[in-house]
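Remarks on the structure that follows.
Readers should treat all values here as calculations from the given coordinates under stated rules, not as data from a laboratory. The structure displayed is predicted, hence computed values, not measured ones. Here the Cβ is made from the backbone with ideal geometry for all residues, glycine too, and neighbour counts use every protein chain on show.
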Amino acid sequence: MINKSKELFERAQQSIPGGVNSPVRAFKSVGGTPIFIKKAKGAYLYDADGNRYIDYIASWGPMILGHAYEPVVKAIQEYAAYSTSYGAPTELEIEMAELILSMVPNVDMIRMVSSGTEACMSALRLARGYTGKNKVIKFEGHYHGHADSFLVKAGSGLATLNIQTVPGITAGVSVDTLVASYNKLDEVRQLVNENKGEVAAIILEPVAGNMGCILPEAGFLEGIRQLCDEEGIVLIMDEVMTGFRLAPGGAQELLGIRADLVTYGKVIGGGMPVGAFGGKKEIMQHIAPLGNVYQAGTLSGNPIAMIAGYTTLKTLKDNPAIYKELEEKCTYLHKGLDEVLKAWGQPYVINQLGSMISLHFSDHAVTDFTSAASANNARFNKFFHAMLKRGIYLPPSAFEAWFLCNALTYADLDETIKAAKVSLNETGNI
Ligand code: HOZ
C-alpha cells in the first residue's frame with residue numbers, strides 16, 4: 001500500500017515543480033507514484049506508509065556505508081552543537097583536504113564546493129582559464145551535473161526524460177561543447193583534429209553511471225590520456241559517482257589512469273551536500289585567491305558537511321576490506337541475477353564494476369549511449385515496478401547505475417534475487 005505517498009505526491013505537485021526537487025525521482029519514465037521516504041537505516045528505506053525497501057540507490061551513491069551510519073550520525077550531532085556554518089576557515093577543512101590527498105595520489109590540491117554540479121562547472125572553468133582555450137569534449141550519455149556546458153546529449157535525467165535540447169542554454173555555450181561516443185577513441189581524435197588548438201578539456205566519467213553502468217573498454221582511457229598529453233588538453237575525470245566508491249583512490253586507482261583534474265560529489269559528503277575538485281598544483285594554483293579563475297561559495301567547506309564526509313572517508317581509508325566486501329556482494333548479486341535471467345530466457349546484459357551494477361534488457365553489449373538507449377527500456381520499467389512491489393528499490397530509470405552499500409546482507413541479496421525471479425515472470429514479454 002502506498003496511499004500516503006500518493007497523497008504526498010498530489011500535495012507536492014501543488015508547490016514543487018513536478019512534485020520533486022530532482023527530476024528522476026518523479027518516476028516519470030517508469031510511471032506511477034514516487035515513494036515518499038520517511039527514514040532509512042542501513043540498507044533499508046522506510047516510506048511514509050511504513051513499507052520497507054531494500055535500497056539499491058543509496059542516495060544515488062553517497063551512502064556507501066549504509067544509511068544513518070552510527071559514527072557519521074554522532075559526528076554530525078557533535079558538530080551541529082558548535083554551529084552549522086561559520087563562513088570562515090576551520091582546521092577540519094585542512095584535515096579533509098589532507099585526507100583526500102592521502103587517498104588520491106594525483107590530487108595535489110583540492111577545493112571543496114557543495115555539489116557535483118559545482119565541482120564539474122568549476123573544473124571546466126579552471127581548465128579554460130589555465131589553457132586559454134574554450135572548447136570541451138564530453139561523451140554522449142555522460143552526466144556532469146546541470147551546468148549549461150554539460151547539458152548537451154547528457155545522460156541521467158535528460159536521457160530518462162528524453163530531453164534533446166534544453167531551453168535556456170544559449171547557442172554560444174553549446175557551440176563550445178563537442179560530443180563523442182563513449183569508448184570510441186577515433187571519434188575523439190577526429191574532434192580534436194577538427195578543432196586543433198581549441199580544446200581546453202576532455203571530461204568523462206571513467207566508468208559511466210548515468211546511462212546504466214558502462215565500463216571503459218581496454219585502451220580507451222589510456223588513449224584519451226595520451227591524446228590529452230599530446231595536444232595540451234586538460235583531462236578531467238568526473239569521479240562524482242566512482243570517487244571513493246570503486247577504491248580509496250576511485251576509478252583512477254582501480255583502472256590505473258590519472259587525470260589532470262578530478263571532480264567529486266556523493267561519497268565525499270557522506271550524505272551531506274558536498275562536492276570537490278582537485279588535481280595538479282600547476283593547474284589548481286590558478287584558482288582564486290591564488291590565481292584569477294574565480295570560484296567561491298558561502299557554504300563551501302561547511303563544518304557539518306565536512307565532518308560527515310571526513311568520517312565516511314576515514315572509515316573507508318582505515319578499512320579497505322570494505323571495498324572487497326562490497327565487490328563480493330555485488331558479484332554475488334550479479335551471479336544470482338544471471339541465473340534467474342538465464343532461466344527466464346529473454347536477452348539481457350548485466351554490467352558491473354565493484355559495487356556499481358546495472359541491468360539492460362538488450363540482445364547486444366551495452367558499451368555506449370546508443371546501445372543503452374536501444375535496450376528494451378519499457379521492459380525495465382515494468383521490471384522496476386514488479387521489484388518495487390516486492391520491496392526492492394531500484395533506480396527508477398534504466399539510465400542509472402545501481403549502487404550497493406555495505407550494510408546489505410547476503411540475506412538481502414537472496415531476497416532481491418528471489419524477487420527478481422518472480423518479477424521477471426510478471427514482467428512478461430513486452
Ligand atoms: N543525478 C542523479 C542521478 N544520476 C539523480 C539525483 C537525484 O534525483 O537525487
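Taking a sphere under 15 Å around the Cβ of residue 363 and counting the other residues whose Cβ falls inside, with K and R at +1 and D and E at -1, yields a net charge of +2. Comparing 336, 141, 50 in a Gaussian network model of the chain, where Cα atoms under 10 Å apart are tied by springs, the biggest mean-square fluctuation is seen for 50. Kirkwood-type hydrodynamic radius, the range 259-299: 11.4 Å, calculated from all non-identical alpha-carbon pairs. Electrostatic bookkeeping for residue 354 treats Lys and Arg as +1 and Asp and Glu as -1; over the other residues with beta carbon under 13 Å from its beta carbon, the sum is -2. Extending 7 Å from Cα along the Cβ direction at residue 171 and again at residue 102 yields two label points whose distance is 5.4 nm. The Rg/Rh ratio of the range 108-158, with both radii computed over alpha carbons and Rh defined as the Kirkwood radius, is 0.98. Projected onto its three principal axes, the C-alpha set of the range 378-430 covers 34, 23, 13 Å, listed from the longest axis down. May I ask you to derive the relative contact order of the range 328-375, considering only C-alpha pairs under 8 Å and at least 6 residues apart, and to give it as an integer percent? In percent, rounded to a whole number, it is 29.
Annotation: lysines with alpha-carbon distance below 19 angstrom to residue 418 (same-chain offsets under eight excluded): 329, 335, 342, 382, 389. Just 290, 337, 388 to compare: in a GNM of the chain, with alpha carbon springs under 10 Å, which one fluctuates most? Fluctuation is largest for 290. The local environment of residue 410, defined by Cβ-Cβ distances under 13 Å, has a net charge of -2 under the rule Lys, Arg +1 and Asp, Glu -1.
When the Cα gyration tensor is reduced to axis lengths a ≥ b ≥ c, the ratio a/c is 1.5 or higher for the range 226-294, and with a/b not above b/c it is classed as oblate. Extension gain for residue 389-residue 296 works out to 29.0 nm (0.36 nm per residue, less the C-alpha to C-alpha distance). The helix-based estimate of mean residue ellipticity at 222 nm for the chain, built from -39,500 (n - 2.57) per DSSP H run of four or more residues and divided by its residue count, is -12000 deg cm²/dmol to the nearest 500. Remark: the range 266-272, residue by residue, has Karplus-estimated 3J(HN,Hα) of 6, 4, 4, x, x, x, 9 Hz, where x stands for each Gly or Pro and the curve is 6.51 cos²θ - 1.76 cosθ + 1.60 at θ = phi - 60°.
Rounded is the label for the range 110-194, because a/c, from the alpha-carbon gyration tensor with a ≥ b ≥ c as root eigenvalues, stays below 1.5.
Dividing the mean sequence gap of close Cα pairs (under 8 Å, 6+ apart) by how many residues the chain holds gives a relative contact order of 22 percent.
Each principal axis of the Cα cloud of the range 287-367 was evaluated for its coordinate range; sorted largest first, these ranges are 59, 31, 18 Å. Considering only 270, 278, 345, the Gaussian network model of the chain with Cα springs below 10 Å gives its largest mean-square fluctuation to 345.
Extension gain, residue 193 to residue 164: 0.36 nm times the residue separation minus the Cα-Cα distance gives 7.8 nm. Computed over the range 311-430, the alpha-carbon pair-distance distribution with 10 angstrom bins reads 13, 45, 30, 11, 2, each value a whole percent.
Rounded to the nearest whole angstrom, the semi-axes of the ellipsoid equivalent to the range 188-233, taken from the Cα gyration tensor as √(5λ), stand at 22, 12, 9, largest first.
With the convex hull built on the Cα atoms of the chain, state its orientation-averaged projected area in nm².
Its Cα hull, projected and averaged over all orientations, spans 20.0 nm².
Can you give the log10 of the normalised intensity I(q)/I(0) at q = 0.10, 0.13, 0.22 Å⁻¹, computed with Debye over equal Cα scatterers of the range 137-279? Values returned for q = 0.10, 0.13, 0.22 Å⁻¹ are -0.32, -0.55, -1.55. Classify the range 1-154 from the C-alpha gyration tensor, please: rounded if a/c falls under 1.5, else prolate or oblate depending on whether a/b exceeds b/c. Oblate.
In this structure, the residue pairs whose Cα-Cα separation is over 32 Å, taken from 38/266; 138/280; 6/314; 41/317, are 6/314.
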